[in-house]
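Asker: Once you've had a glance at the structure underneath, I'll fire off some questions.
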2 protein chains.
Amino acid sequence: MDHVEDAVRETMAEVGTVLFVPWALDDLDAYTSTVRQRLERMELAVSGIHEHADPIAAVNEAEALFIGGGNTFRLLFRLYGAGVMPAIRARVTDGMPYMGSSAGSNMACATIMTTNDMPIVYPPSFDALQLVSFQINPHYLDADPDSTHKGETREDRIREYHEMNDTPVVGLREGAWLRVVGDEVRLEGHRGALILRRGQPAEEFEPGARLDFLLA
Amino acid sequence: MDHVEDAVRETMAEVGTVLFVPWALDDLDAYTSTVRQRLERMELAVSGIHEHADPIAAVNEAEALFIGGGNTFRLLFRLYGAGVMPAIRARVTDGMPYMGSSAGSNMACATIMTTNDMPIVYPPSFDALQLVSFQINPHYLDADPDSTHKGETREDRIREYHEMNDTPVVGLREGAWLRVVGDEVRLEGHRGALILRRGQPAEEFEPGARLDFLLA
């Protein structure tokens, strides 16, 4: 988390505790412990959502939410299972800071249809939290021109998504992230991102770019 | 298809026509035309399932079935939509030759939970044709020790599958395939495969290996 420490401090400037959602991984306590140790170094106290008897109340009482990475299908399955989706959506719409890494960034989107993960469990829907109206593809990988691999490239996969769907997709390379505040979307980090749209060539954006048009 | 021509000829030795399922791709006519041209060189006539007014009748009257690759979610969505799943399962159980490449090999398994594809459409279930009791992961990729990519490796993803499921997974590298005849499972092609089981280290198998134990 070192490369995003400044961004995390700014996002969490007004809060002292963060509710962490480790459900994308298998070992909830270990994951929460790792995150707790790292966020304590920023003077942020952490509780794991699985440590609360009533997860909906935990969301309603939280100061900020962080959803960690792992398997997107497992994460969504458990979010639906716990019944916390409406509460999270309501609180974040109302201004509670939300931070998501990897699968946790997929969760902020309209659907999980642009995850890279294996469908290891069947969720009741592919609809995600719908905090933003666009899609994110995390860990975006440019095609390797020397590869002999016959499977689809990441761009092929997103083109397939656009054969069935209209929503623009932000392909975030390692080390890039989006910060959304009100109507502003900023591309941050040390590497750029691609925006892929149905029937159009991919567009490249550099760190620092404003992508507010994605919310329009 | 050149590297599998002998295997296709043997599998299709008793038949003159093949029913092709192009539903994993977007352009059904183009895909069917490509496959038709290639199989005609082996004296096999091809019809696309989308060219039939009644796809269930087409399955019931077919001599052999070939399900092509593309997006596994789209393929499964359309197989359920057309109502052909029970007919395919009945015919193949009764001895009709079935050939599947990539997404078409995922379809032969218990579920699509070990596909590599993006979930671009929500199918009514992850249950696949259940022609075999194990799982296939096609296009299996060994981890690149020099990669700086922070996303999960293929083995990580299959380990996540085994955190939620018990079924053994065959990781088929490019150029490897399985031939199942009765109770016999042979690993063929010029590259080996891995078998990944819950809580156990991956096991390597060489071309020519008998994997009958997978059906036991």
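Computed from the coordinates by the stated procedures, all read-outs in this text should not be read as laboratory data. None of the values given here were measured: they were computed from a predicted structure. Reconstructed Cβ throughout: ideal geometry from the backbone, glycine too, with neighbour counts over all protein chains shown.
Asker: Taking each label point as 7 Å beyond Cα in the direction of the beta carbon, state the distances from A:Gly151 to the same residue in the other copies, shortest first, in nm.
Answerer: Ordered by distance, the counterparts are at 0.9 nm.
Asker: Helix-only estimate, please: 222 nm mean residue ellipticity of the protein assembly as shown, summing -39500 (n - 2.57) across DSSP H runs of length 4 or more and dividing by its residues, to the nearest 500.
Answerer: Numbers: 14 runs with 124 residues, N = 432.
Result for the protein assembly as shown, helices only: -8000 deg cm²/dmol.
Asker: Measuring label to label, 7 Å along Cα→Cβ, what does B:Ala209 give against each other copy in nm, shortest first?
Answerer: Once sorted, the set of distances for B:Ala209 reads 4.5 nm.
Asker: Between segment B:1-57 and segment A:80-158, what is the separation of their alpha carbon centroids in Å?
Answerer: What the calculation gives is 35 Å, centre to centre.
Asker: While we're here: Look at the axis of the rotation that sends chain B onto chain A, then give the chain B residue with the nearest Cβ and the distance in whole Å.
Answerer: That would be B:Pro119, 3.
Asker: Using 1/(1 + (r/R0)^6) with R0 = 45 angstrom and r between the beta carbons of B:Ala209 and A:Arg36, what's the FRET efficiency to the nearest 0.05?
Answerer: Values: r = 46 Å, r/R0 = 1.03.
Between B:Ala209 and A:Arg36 the formula returns 0.45.
Asker: Here's another thing I want to ask about it. Can you tell me the dipole magnitude for the protein assembly as shown around its Cα centre, using point charges on the Cβ only (Lys, Arg +1; Asp, Glu -1), in Debye to the nearest 20? Provide the component values of the computation, followed by the final result.
Answerer: Numbers: 38 positive and 68 negative charges, 101 e Å.
Roughly 480 debye, rounded to the nearest 20.
Asker: Sticking with this structure for a sec: Specify the angular offset, from 0 to 90 degrees and rounded to the nearest 10, of the alpha carbon long axis of helix A:154-164 from the longest principal axis of the alpha carbons in chain A.
Answerer: Between helix and principal axis, roughly 90 degrees.
Asker: Also, I was wondering about something else. Run the dipole for segment A:133-216 about the Cα centre, Lys and Arg Cβ at +1, Asp and Glu Cβ at -1, nothing else charged, and hand back the magnitude in debye, nearest 20.
Answerer: On the way: 11 positive and 17 negative charges, 29 e Å.
Roughly 140 debye for segment A:133-216.
Asker: I need the peptides A:64-73, A:206-215, B:119-128 ranked by packing, meaning the mean over residues of other C-beta atoms within 10 angstrom, with the highest value on top. Could you put the intermediate results ahead of the total?
Answerer: Values: A:64-73: 24.7, A:206-215: 13.2, B:119-128: 18.9.
Sorting A:64-73, A:206-215, B:119-128 by mean packing, highest first, produces A:64-73, B:119-128, A:206-215.
Asker: For the pair B:Glu14/A:Gln130, report the inter-label distance in nm, with labels modelled 7 Å from Cα in the Cβ direction.
Answerer: Computed distance between label sites B:Glu14 and A:Gln130 equals 5.3 nm.
Asker: Still on this structure, please answer the following. Using a 7 Å offset from the Cα along the Cα-to-Cβ direction at both A:Gln200 and A:Val181, what is the distance between the two label points in nm, to one decimal?
Answerer: Taking the two extended label points, one gets 2.7 nm.
Asker: Separate question: Of B:Ala209, A:Ile88, A:Gln200, which is farthest on the positive side of the dipole of the protein assembly as shown, counting Cα position, with +1 on Lys and Arg Cβ, -1 on Asp and Glu Cβ, and the Cα centre as origin?
Answerer: It is A:Ile88.
Asker: Label position 7 Å from Cα toward Cβ: report the copy-to-copy distances for B:Val181 in nm, one decimal, ordered from shortest.
Answerer: Nearest to farthest, the other copies are at 6.9 nm.
Asker: Listed highest first by mean packing, meaning other Cβ atoms within 10 Å per residue, what order do A:139-148, B:41-50, A:6-15 come in? Display every interim value, and only then the final one.
Answerer: Values: A:139-148: 12.0, B:41-50: 15.8, A:6-15: 13.6.
Descending packing order for the listed peptides: B:41-50, A:6-15, A:139-148.
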